[in-house]
1. Rounded to whole Å, give me the distance from the Cα center of segment 326-354 to that of segment 114-133.
2. Just need the relative contact order of segment 200-327 here, percent rounded to a whole number, with Cα pairs under 8 Å and 6+ apart.
3. Can you give me the relative contact order of segment 288-409 as a percent, contacts being Cα pairs under 8 Å and 6 or more apart?
4. With +1 assigned to the C-beta of every Lys and Arg and -1 to the C-beta of every Asp and Glu, and no other charges, what is the dipole magnitude of the chain about the Cα centre in debye, to the nearest 20?
5. Quick one: what do you get for segment 20-153 if you divide its Cα Rg by 2.2 N^0.38 Å?
6. Could you tell me which of the pairs K76/K180; K130/K199; K76/K236; K76/K353; K130/K353 are separated by over 27 angstrom between their Cα atoms in the structure shown?
7. What is the sum of charges around A138, taking Lys and Arg as +1, Asp and Glu as -1, for the other residues whose C-beta is under 14 Å from the C-beta of A138?
8. Would you mind getting the Kirkwood hydrodynamic radius of segment 327-396 from its Cα pairs, rounded to one decimal in Å?
Amino acid sequence: MPADEKGRGVILHMTHALTLESGRRPGAATLDLIRRLIAFDTVSERSNLALIEFVAEYLDDLGVACELVHDEGHRKANLYATLGPADRSGIALSGHTDVVPVEGQPWDSDPFEVLEQDGRLFGRGTSDMKSFIAVCLALAPEFLAREIATPLHLILSYDEEVGCLGVRGLIDVLRSREVKPRAVFVGEPTEMQVVRAHKGKLSWRVHVRGLEAHSGMAHLGVNAVEAAAEAIAFLKGMARQHRDEGPFDEALVPPHTTVHTGLVAGGTQLNIVPRHCHFDFEIRHLPDRDARPMFEAFERHVREHVEPEMHRVDPRTGFRYELQSAIPALDADEDSEVVQLAKSLTGANATGKVSFGTEGGLFQEGGMPAVICGPGSIAVAHRANEYIELDQVALCEAWLRRLFRYCWA
């Protein structure tokens, strides 16, 4: 199996009746908007305002007012708009505008210019997740052309890729309002399958303070890198324990909580006992579990088994912990309105769960029940030559038109 196909199909055991004939092309308006949105370089470290202003102008031309919720530096913004009557709660379509970096990846084409080839659209964000946003915008005039009973709310966020940070400000604004979305569809790539649950994630940066010394007199120093390595080894053991002993949720891949160390940096030169080291690790926990007891066990192990040896040389040495992100799990009830609506729109006979995090859990915490359903495959997201199948975009258009009929009723 080619590498870009491995693992494709987030929940392949599911079936739904929302199908199209092979080779179906999306509408010209959708394709044009995908190209326009991909052309905005919205890597998370950069501003997304140019894209947000483009969308706001597009919606203004349709007579739709937009509300922007900025970050503290006014470099980025969330966008919130209501299509239809603003005096009642409706269905939200939510997507993030930021994308992951392309530096260091072996792209075969310009990642910010859409390339159509072999029934696919290549470009950064085609799958994750600007194509979903493009479909919502392209079909908006069609939705507005009829009498609307249930409005659609459009939510565009920033900084999802670095911890679901941006949307929190908008959710804080909406939380206290009497009129807010009663259900949210987050259009992350699930191949248009209905996902009602996903793992939660907590991540930390751990700072280790040692004591410098000449490596020839290493006993006079405290090696921060080696202390970090001892702590990381404990995390690896914790990961193995969950892999082998569970608990398990067979609807997830992998079916257990995972522990992962992704970055380590420290030291200055080989012949100097390193004074500083830091490493980043994450825990992705099952929807019905809490990761904090695992962190507490890790912190206790360090305090009881790693730091005492450090303190014997210098009591000023030790560990410091910095919480980087906390993404709550999503766990929508199978019988909830949002899940039942999602199933009816797709014809699904079942729902699924995924291991990647989304903004869905934050909407759920904010009193807005959510499910995940969008075009494209997570298996090709974040990689060089990211793409989306044209069939998937067309399928999303068909799904959204079904939602329109529900809202017009």
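Just so it is clear, none of the values below were taken in a lab; they were calculated from the coordinates. Because the structure is a prediction, the values reported are computed rather than measured. Every residue, glycine as well, gets a Cβ built from its backbone with ideal geometry; the counts of neighbours run over all protein chains shown.
1. 25 Å
2. 42 percent.
3. RCO, segment 288-409: 18 percent.
4. 460 debye
5. 1.13
6. Beyond 27 Å between Cα atoms: K76/K236; K76/K353.
7. Counting the neighbours of A138, the net charge comes to +1.
8. 13.7 Å
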